[in-house]
Every structure is written in structure tokens, then in C-alpha cells.
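The structure is given below, and queries will be raised subsequently.
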């Protein structure tokens, strides 16, 4: 019984301290000082309004992330594309350095994921298997999303051979070996939800 009484008393005291601290904080910001000068103790409603005012003042003072920075963060995320009804999460690479590195040095690629190369112009982009650790399928895609050529099971041992599309492509997609055969991917198939081409 004593412990229960003391526990309730402690909880009540803690609540009082929180309320007092909140009043002191709001008073320090000049938000409820008029209540004290008018000899009226602030009501719960006025405290709630004062708290909202304080929160609005605080968040209004915080820096706003520029729209370009937000777009940059979104572009760094891993979007997904669709091919023959199959969703594929892709890592997009657009810079020359990232395109040159590609999947080199990586030990594996998760299932249903790929690396999507986006180029500034249409060309029969050459792909080789330098420093690769596992086989892949390579798909060349035009700017409209049509698959132009599929190179199946390109192995690390094929280096320094260079695989080239017979037609100019705007995108190159690298996926795990066997993906094209497993999902019946052939020339003429259309890939949707591709990122906008680089101008």
C-alpha cells in the first residue's frame, strides 16, 4: 500500500514538474507572459495554443532544403523498371567515372536487381568484363525503351573481348546471368519506367 501511494505521488510530482518546465519554457519565449501579467494562470487550452505557436516559430526558423538538393537525393535512390511484366530494381549510373567502373570488383548482384547505364547520346556502346567476378546478361536499349540486343552469360573469362550492340543504344542494362532466359527477354521487348535520357 505504501509503495502504491508513493508511486502515485511520484508520478503526480513528475507531471507537475513537466507542466512547470513547459510553462517556464513558454514564458522564456514570451508566449504566455501576458497571462501572468493579467494575473490569470494559463489554462490547458492556452498552453496548447502557446505550444503550437512555439513549435511553429521553431520550425519556421529551420533551413529549407533546396529543391535541387531534394531532386539529387531522389535521383540517387534505386528506382525500378519493368520488362516483360518483371519488376527490376536498378542502380542508375550516369557519370563517365561510374559508367567506367560499372560492376567491376563486386562479388555478386542481388536477384531481381541490375545496373542501368544512361548515356548522353545514342551509340553501340561497348561493354567488357574487366575485373568482373561473376557472369551477367547485357541488354542494349534505345531511347524509347525497346530492347535492341541481348548478350547472354557474358563471363569474366571473356575479357578483353568487347560486347557491342549492332544498333545505337541510349541505355545499357546489366543483370545476373540467366535473367534474360528466365524471363523470356528478347530483342523488341519494351522496358518501361526508364529514367529520362540525358540531354
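The values are calculated or read from the model by the stated rules, or taken from the named source; none is laboratory data. These figures come from a predicted structure and were not determined experimentally. Positions of Cβ are generated from backbone atoms using ideal geometry, with glycine treated the same way; all protein chains shown enter the neighbour counts.
Only one of these conditions is not met by residue 191: (1) touching a helix residue (DSSP H, G or I) at 6+ places or on another chain (Cβ under 8 Å); (2) in a strand (DSSP E or B). Which number is it?
Failed condition: (1).
Spot the failing condition for residue 175; the list is (1) in a strand (DSSP E or B); (2) within 27 Å of the chain's Cα centre (by Cα); (3) free of Cβ contacts under 8 Å to residues at least 40 places away in the same chain, and only one is missed.
(3)
Looking at the stretch 154-164 only, could you name the residues that are closer than 11 Å to residue 126 by Cα and outside any loop (DSSP other than H, G, I, E, B)? Before you say what the answer is, go through the steps one by one.
Of the residues in the stretch 154-164, the ones closer than 11 Å to residue 126 by Cα are 161-164.
Across the stretch 154-164, the qualifying residues are 163, 164.
Do we find that residue 150 is over 15 Å from residue 90 (Cα atoms), in the same structural domain as residue 88 (by TED's automatic domain parsing) and touching a helix residue (DSSP H, G or I) at 6+ places or on another chain (Cβ under 9 Å) in this structure?
Here the answer is yes, as residue 150 does meet what is asked.
Related question: Does residue 196 qualify as being loosely packed, with under 14 Cβ neighbours inside 10 Å, within 26 Å of the chain's Cα centre (by Cα) and either in contact (Cβ under 8 Å) with a residue 60 or more places away in the chain or assigned to a loop (DSSP other than H, G, I, E, B) (or both)?
So residue 196 fits the description; yes.
Continuing with the same structure: What number of residues in the stretch 107-147 are in contact with a helix residue (DSSP H, G or I) (Cβ under 8 Å, 6 or more places away or on another chain), over 21 Å from residue 97 (Cβ atoms) and buried (at least 17 other Cβ atoms within 10 Å of the Cβ)?
The number of residues fulfilling the criteria is 2.
I've got another one for you. Can you tell me which residue among 151, 167, 111 is in a loop (DSSP other than H, G, I, E, B) and within 19 Å of residue 186 (Cβ to Cβ)?
167
Also, I was wondering about something else. I'm trying to understand the selection: among the residues of the stretch 91-108, which are touching a residue at least 60 places away in the same chain (Cβ under 8 Å), part of a loop (DSSP other than H, G, I, E, B) and over 15 Å from residue 128 (Cα atoms)?
Of the residues in the stretch 91-108, the ones touching a residue at least 60 places away in the same chain (Cβ under 8 Å) are 92, 94, 102-103.
Now restrict to residues that are part of a loop (DSSP other than H, G, I, E, B): 94, 102-103.
Within the stretch 91-108, 94 is the sole residue that qualifies.
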